[in-house]
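Presented below is the structure to which this report refers.
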Amino acid sequence: MIVFDLECSQSHTFEGWFDSHEAFEDQLAKGLVSCPYCGDMDVKRVMSPVALKKSRPQPSEKDSQQAPPIDYKRLAREIVEYVQKNFEDVGPRFAAEALKMHYGVTEKRNIMGSATQEEEKILKDEGIEFFKIPVPKKDPKKTN
């Protein structure tokens, strides 16, 4: 099974599960793929934030002994730095801004901010995808 992120011409995003890439292409060509939100059949694949490699060579015992451990703290710091550099912080207006972008009132862009549990439920009910990561507050007194 392979999962593709799909989008219809009305900008609804959703997942599709297929046996293979060829099965997806075949079903798309036969008009069997449609948007679950609006029924639109003008569907295309979009970039997924996750990639899966089908196979990789098994590491030898020597390779596994030499593989450096993953530095999770560094990885988390790099993710937070990336988000802070590449996303607009809209603070508590996150849900309102996400809804405006979803309905085409404003141009789509990368945003970050906060939302209440009730606002998160509204976003999910409207089909707006988001994910939560803890982002520490910047202390202006600290330089690093």
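The values are calculated or read from the model by the stated rules, or taken from the named source; none is laboratory data. Only a predicted model underlies this, so the values are computations on that prediction, with no experimental measurement involved. Note that we place each Cβ from the backbone using ideal geometry, even for glycine, and neighbour counts take in every protein chain shown.
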The residue that is nearest to the chain's Cα centre (by Cα), considering only those in region 91-119 that are more than 19 Å from Thr13 (Cβ to Cβ) and assigned to a strand (DSSP E or B), is Gly113
**Message:** Scan region 94-115 and tell me whether some residue there is modelled with pLDDT under 90 and surrounded by fewer than 10 Cβ atoms within 10 Å (Cβ to Cβ).
**Reply:** no
